[in-house]
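K.L.:
Got a structure for you, written out below as structure tokens; questions coming shortly.
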Amino acid sequence: MNNNTIGIRDRSAKTTRRRFLQGGSAAVGGVVIGADGSAAADTENLPPNVPDWMKAPGDPMGSQPYGAPSPFEKGVVKNISKSLKQYISASGRTPLQELDGIITPNGLFYERHHGGVPTIDPAQHRLMLHGLVERLLIFTVDDLRRFPSESRIHFLECSGNPGYAKPYGKTASDLVGLLSCAEWTGVSLKLVLQEAGLKPEAKWIIAEGADAAALTRSIPIEKCLDDAMLVYSQNGERLRPQQGYPLRLLLPGFEGNMNVKWLRRLHVTAEPAYSREETSKYTDLLPDGTAREFSFYMEAKSIITRPSGGQRLSVPGFHEITGIAWSGHGKIKRVEVSVDDGKSWQDARLQEPVLTRALTRFRLPWQWDGSPAVIQSRATDETGYVQPTLAELLAIRGENYFYHNNAIWPWRIAADGEVTNALA
């Protein structure tokens, strides 16, 4: 650790409440300017006056049978491009830079569909388990709910999150918004397979969805007998249609496309299916002309979400640097942050709980002196794997690679506080 890094830590450690408040806001003509640069529109609602919302009762109970966010948060929505050629096989991104903690609200969970979102009557939906098993089984959703259930927190991420080619995104959502994290409830796939009885030659399970694309992926039997789940609830409520209602496959740490939604069939086989989604798609062309296939795991990754692209630091002084880190191979062990374009690094604090194959929130206090800066984070998981730079990945994988970009992503902070993508 160099002296500059130590100095930053020492100054932030000595920050008092008074100094923090003085650095984070300023009173100008009776109007409070907040740390985000916003000003109150109506001074009559500011202290010592009694604000309007205290002068009459609010909305009665029952006005929202299903709760909705405050109207003042109406801008916090999924990031959906307005320039797509079609919206049947498309994606919508989570606004990561607007969120706190590690859990993604169901209404903001990222989406990726290949044949649109089907409307499925759970009473008519069935899951068929067949192939190299002792007993062919067909389950209703209620049948599966009779099995012992479990709830676990895991992330899901699209393997094309992001691609390798410019133009790169402007915000954290643009870059890695095909990522979300939830508490999932369902039944262990291993338990269901034991009910059917696997034959010795069983090596793969072919999962098929009930959407118009009949999306099909091959799952190695080792994963199916490890932590795979058949999921029917997310964050305490039934799955949303966009997330596979009434039943989906969950493969913690594996690329999102393999977590088949609207699950209708599990075919136990001795060989993979080599479906469209694991041949022409979700494989990568290497510089020597060969293709990398079955690259299931999502490697260690992190990104700073505040401050990040599209945001602005209004004043010099104390600012918390915060973001998220994750790894398909287990727990995050360490996150380092650089505030000097990678010249030096310091350890961020990992917010509890630190869970396996889940998002981990990290935080670092920072005193910004008002001069231009480049900030970035890098994650290390419990296997010892360290998140690489984009240049390091491109040197190995080449320009034709598309999936599994887990590069360090830097943000540039200008003297006026504007935050932009440092690689754009």
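The values are calculated or read from the model by the stated rules, or taken from the named source; none is laboratory data. Keep in mind that this is a model prediction, so the values were computed, not measured. Cβ coordinates were reconstructed from backbone atoms using ideal geometry, including for glycine residues, and neighbour counts include every protein chain displayed. Areas reflect the complete protein model, heavy atoms only, side chains present, ligands, DNA and RNA absent. Shrake-Rupley method; radii C 1.70, N 1.55, O 1.52, S 1.80 Å.
K.L.:
Label point 7 Å out from residue 142 along Cα-to-Cβ: which residues of the range 251-276 have amide N under 13 Å?
P.N.:
none
K.L.:
Calculate, for the range 301-421, the solvent-accessible area per residue in square angstrom, rolling a 1.4 angstrom probe over the heavy atoms of the protein chains.
P.N.:
39 Å²
K.L.:
Moving on. Put +1 on the Cβ of every Lys and Arg and -1 on every Asp and Glu Cβ in the chain; which of 71, 212, 384 then has its Cα farthest towards the positive end of the dipole?
P.N.:
Ranked along the dipole, the leading option is 71.
K.L.:
Ranked highest first by average number of other Cβ atoms within 10 Å, how do 295-306, 361-372 line up? Provide the component values of the computation, followed by the final result.
P.N.:
Numbers: 295-306: 23.2, 361-372: 17.2.
Ranking the peptides 295-306, 361-372 by packing returns 295-306, 361-372.
K.L.:
Can you tell me the FRET efficiency between residue 86 and residue 63 if r is taken as the Cβ-Cβ distance and R0 is 45 Å, rounded to the nearest 0.05? Provide the component values of the computation, followed by the final result.
P.N.:
On the way: r = 37 Å, r/R0 = 0.83.
Approximately 0.75, to the nearest 0.05.
K.L.:
Pop a pseudo-label 7 angstrom from the Cα along the beta-carbon direction at both residue 126 and residue 201 and give the gap in nm to one decimal.
P.N.:
2.6 nm
K.L.:
Related question: Mind listing the Cα extents of the chain along all three principal axes, in Å, largest one first?
P.N.:
77, 62, 41
K.L.:
What share of all Cα pairs of the range 78-210, in percent, falls into each consecutive 10 Å distance bin?
P.N.:
Histogram of Cα-Cα distances, whole percents per bin: 10, 29, 31, 21, 8, 0.
K.L.:
Per residue, what volume in Å³ does the convex hull of the Cα atoms of the range 301-421 enclose?
P.N.:
Details: hull volume 13.2 nm³, N = 121.
Taking only Cα atoms, the range 301-421 has a hull volume of 109 Å³ per residue.
K.L.:
Under the 0.36 nm per residue contour assumption, what length would be gained going from the current alpha-carbon distance of residue 280 and residue 292 to full extension?
P.N.:
My answer for the length gained is 3.2 nm.
K.L.:
Related question: Given the Cα-Cα distance of residue 54 and residue 394 and 0.36 nm per residue of separation, how much length would full extension add, in nm?
P.N.:
Stretched fully, the residue 54-residue 394 segment lengthens by 116.6 nm.
K.L.:
How many percent of the accessible area of the chain is carbon or sulfur, using a 1.4 Å probe?
P.N.:
That share works out to 54 percent.
K.L.:
Still on this structure, I have one more. With a ≥ b ≥ c the root eigenvalues of the C-alpha gyration tensor of the range 106-291, is it rounded (a/c under 1.5), prolate (a/b larger than b/c) or oblate?
P.N.:
oblate
K.L.:
Follow-up question, since we're still on this one. Under 25 Å between C-alpha atoms is the cut-off here; go through the range 158-252 and count lysine pairs that meet it, provided they're at least eight residues apart or on different chains.
P.N.:
Going through the range 158-252 pair by pair, I get 5.
K.L.:
Then there is this: With every protein chain present, what accessible area does residue 354 have (1.4 Å probe, heavy atoms only), rounded to the nearest 10 Å²?
P.N.:
30 Å²
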